[in-house]
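Some notes on the structure that comes next.
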Amino acid sequence: MTIDSGWVKILKSARPAAFSGSLPARPGTVFIDGQIKLMKGSHVRTWKQFVEMQFFYTIEKAFETGAHTVVLGFDNYQHVPTAKNMTQRKRSQHVPAVDFTSASELPERLPEYWDAAMRNRSFKSKVMTLVCNNVRRKYADGARTVVLDFTDDVEVLGHPRELAVGARRGECDIKAFAYLGSEPLLVMSTDGDFVPLALLQIERAVQAGAPPPRVLLYRIKTTQAGEKRKLGREMEYVDATALYAFLAAELNAARPAQCFACMVAATGCDFTMNLPQLGPAKLWAHRHVLTATLNSGASPEAVLCMLMRAYTELFITRVRLKREAAPLPLDRALAATTAMLAAVQRTAQVGQRVRSAMWTPERMLAHAKNTLWTVLYWTLLNEHPDPLAGDFGFARAANGVKFAP
């Protein structure tokens, strides 16, 4: 699961100039999301094809941009947030289990059920090691710089280059921004999380008094309503720095990327549930009202007020509701949310199916906390708080972490 694709459609509709079929600027470094490249097509049938078509080809394509450094990143499972296991469980529910342990050897032939094999962490780790071994052999003595960012020991191959990367970096998503510098950074990935991540990292630099760094994304083309998709996979470049400038002008907020990220995370991602009855279009339609609840900074009460106001605007034509001023202290925000949800449940103007789908006030508060943790994670990267160490709406479960309550 990634962010709702509706958010990128909204951004493209509002700022089409930030999306293009050609590279807007020459990058100094290209970061390749290796996790995405692990998912192959059925035409890839041998290990040799897998390494060459999924990785060697992508690395060479990255160098064709004119970049002097290409980074191949993978998840480091020692540091992936504990809350990630909820997403993994959901993805694996309908996939047959594969019998493979850390003591097992990779088979001579690619498994027929590749998707199922990729759900096995031991198998996936062995495949990532295989890829790194092959990349190391091919690029170790070259004149260009290739970086392997897999384990805690980041490797620089070919032309030596000084790196300032932090430790305890787990997910590949957050690794990319360790390579931000004075030159443009290009991220090659189809994962939608890179959109709010890039915006928040640009804002983090701006808040520190630095010029906004240039971040470019290379991802699957976002098609607009009425636009026909061509045969095959179309790609496009997204200028995240231009999108940040748009949000800064559009949202009346000291932290426009943070406000936007709160709305994005609230509609569902790897670490949050999908909001009932509310998606990107409805939140964006009331963006100025919702942003006002977050102007004092992201907090459980601020996010809860945002959700309360969003549902108030959704139901106010059918239910007699009060538009509460925001932000409110947490106890008053929870009381106002409880009253709003109770009013929705009492009226016949809202269908039973919709009323049954609505959350309890406790779940709404927990979701606000889940959303807050996600935005902190996207902002602080490897310095993120443990989702179980504070009050972030997660709870321990027998097989890891679960949403609470």
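Taken together, the values in this text are just the output of simple stated rules run on the coordinates, not laboratory data. None of the values given here were measured: they were computed from a predicted structure. Don't worry about glycine lacking a Cβ; one is built from the backbone with ideal geometry, like all the others, and counts go over all protein chains shown.
Please state the charge dipole magnitude for the chain, taken about the Cα centre, from unit charges on C-beta atoms (+1 on K and R, -1 on D and E), reported in debye and rounded to the nearest 20.
Details: 50 positive and 37 negative charges, 273 e Å.
Using Cβ point charges on Lys, Arg, Asp and Glu, the chain gives about 1320 debye.
Pairs to check: 12/84; 61/230; 175/369; 9/402; 282/402; 37/221. Give those whose C-alpha atoms are more than 20 Å from each other in this structure. Provide the component values of the computation, followed by the final result.
On the way: 12/84 29 Å; 61/230 22 Å; 175/369 24 Å; 9/402 30 Å; 282/402 27 Å; 37/221 17 Å.
Beyond 20 Å between Cα atoms: 12/84; 61/230; 175/369; 9/402; 282/402.
Per residue of region 202-209, in order, report the coupling 6.51 cos²θ - 1.76 cosθ + 1.60 (Karplus, θ = phi - 60°) as ³J(HN,Hα) in whole Hz, putting x for Gly and Pro.
Ordered by residue, 3J(HN,Hα) equals 5, 5, 4, 5, 5, 5, 7, x Hz.
Within 10 Å of each residue's Cβ, count the other Cβ atoms and sort 11, 186 from fewest upward.
The most exposed by this proxy come first: 11, 186.
Using Cβ counts within 10 Å as a stand-in for footprinting exposure, how do 42, 299 rank, fewest first?
Values: 42 7, 299 16.
Going from sparsest to densest Cβ surroundings: 42, 299.
Residues with beta-carbon under 14 Å from that of residue 18, excluding residue 18: net charge, scoring Lys, Arg +1 and Asp, Glu -1?
Working: positive: 9, 12, 15, 214, 219, 221; negative: 236, 239, 250.
Local charge sum for residue 18: +3.
Can you give me the distance in nm between label points at residue 79 and residue 102, each placed 7 Å from the Cα along the Cα-to-Cβ direction?
1.8
Would you mind calculating the gained length between residue 153 and residue 399 on full extension (0.36 nm times residue separation, minus the Cα-Cα distance), in nm to one decimal? Could the numbers behind the result be given before it?
Working: separation 246, 0.36 × 246 = 88.56 nm, distance 2.91 nm.
Length difference between fully extended and current span is 85.7 nm.
Tell me which of 178, 114, 73 sits at the most positive position along the dipole axis of region 24-250, charges placed on C-beta atoms (Lys, Arg +1; Asp, Glu -1).
114
Let me test this: with uniform point scatterers at the alpha carbons of the chain, what is the Debye-based log₁₀ I(q)/I(0) at q = 0.10 1/Å?
Normalising to I(0) and taking log10 leaves -0.72.
Counting C-alpha atoms alone, how compact is region 24-250: give Rg to one decimal and Dmax as a whole number, in angstrom.
Rg and Dmax of region 24-250, Cα atoms, are 18.2, 55 Å.
From Cα pairs below 8 angstrom and at least 6 apart in sequence, can you work out the relative contact order of the chain, rounded to a whole percent?
RCO, the chain: 18 percent.
Please label the shape of region 261-322 as rounded, prolate or oblate, based on the square roots a ≥ b ≥ c of the eigenvalues of the alpha-carbon gyration tensor (a/c under 1.5 means rounded; beyond that, a/b larger than b/c means prolate, else oblate). Could the numbers behind the result be given before it?
Details: a/c = 1.79, a/b = 1.23, b/c = 1.46.
Because a/c hits 1.5 or more and a/b fails to exceed b/c, region 261-322 counts as oblate.
For region 24-250, what is the charge dipole size about the Cα centre, in debye to the nearest 20, if Lys and Arg each add +1 at the Cβ and Asp and Glu each add -1 at the Cβ? Numbers along the way, then the final one.
Working: 31 positive and 27 negative charges, 108 e Å.
For region 24-250, the charge dipole is close to 520 debye.
Once you put a point 7 Å from the Cα of residue 282 and another 7 Å from the Cα of residue 42, both along the Cβ direction, what distance in nm separates them?
Placing both labels 7 Å along Cα→Cβ, they lie 3.8 nm apart.
What is the gain in length, in nm to one decimal, between residue 354 and residue 225 on full extension, counting 0.36 nm per residue of separation less the C-alpha to C-alpha distance? It would help to have the intermediate numbers written out before the result.
Details: separation 129, 0.36 × 129 = 46.44 nm, distance 2.67 nm.
Once the chain is fully extended between residue 354 and residue 225, it gains 43.8 nm.
How high is the FRET efficiency between residue 20 and residue 210 when r is their beta carbon distance and R₀ equals 45 Å, given to the nearest 0.05? Each step should come with its number before you reach the end.
On the way: r = 25 Å, r/R0 = 0.56.
According to the calculation, E is roughly 0.95.
I'd like the antiparallel share, as a percent to the nearest 5, of DSSP beta bridges with both residues in the chain. Intermediate values should be presented prior to the final figure.
Values: 16 of 34 bridges.
Within the chain, antiparallel bridges account for around 45 percent of the total.
Between residue 57 and residue 168, with labels modelled 7 Å along Cα→Cβ, what's the label distance in nm to one decimal, could you check?
Between residue 57 and residue 168, the simple spin-label model gives 4.0 nm.
Under the rule a/c < 1.5 gives rounded, and otherwise a/b versus b/c splits prolate from oblate, where does region 198-311 land using the Cα gyration tensor? Intermediate values should be presented prior to the final figure.
Numbers: a/c = 2.08, a/b = 1.20, b/c = 1.73.
It comes out oblate by the Cα gyration axes.
Kindly express, to the nearest 10 degrees and within the range 0 to 90, the angle between helix 240-250's C-alpha long axis and the longest C-alpha principal axis of the chain.
Computed tilt is about 10 degrees.
By the gyration tensor of its Cα atoms, with a ≥ b ≥ c the square roots of the eigenvalues, what is the shape of region 148-187: rounded for a/c under 1.5, prolate for a/b over b/c, or oblate?
Oblate.
Return a whole-number percent for the relative contact order of region 252-405, with Cα pairs under 8 Å and 6 or more residues apart as the contact set. Provide the component values of the computation, followed by the final result.
On the way: 195 pairs, mean separation 35.1, N = 154.
The value is 23 percent.
Take the Cα gyration tensor of region 252-405, multiply each eigenvalue by 5, square-root it, and list the three semi-axes largest first, rounded to whole angstrom.
Numbers: eigenvalues 121, 70, 36 Å².
One finds semi-axes of 25, 19, 13 Å for region 252-405.
What does the charge dipole of region 252-405 about its Cα centre add up to, to the nearest 20 debye, if the Cβ of each Lys and Arg holds +1 and the Cβ of each Asp and Glu holds -1?
Values: 16 positive and 9 negative charges, 149 e Å.
Charge dipole, region 252-405, about its Cα centre: 720 debye, nearest 20.
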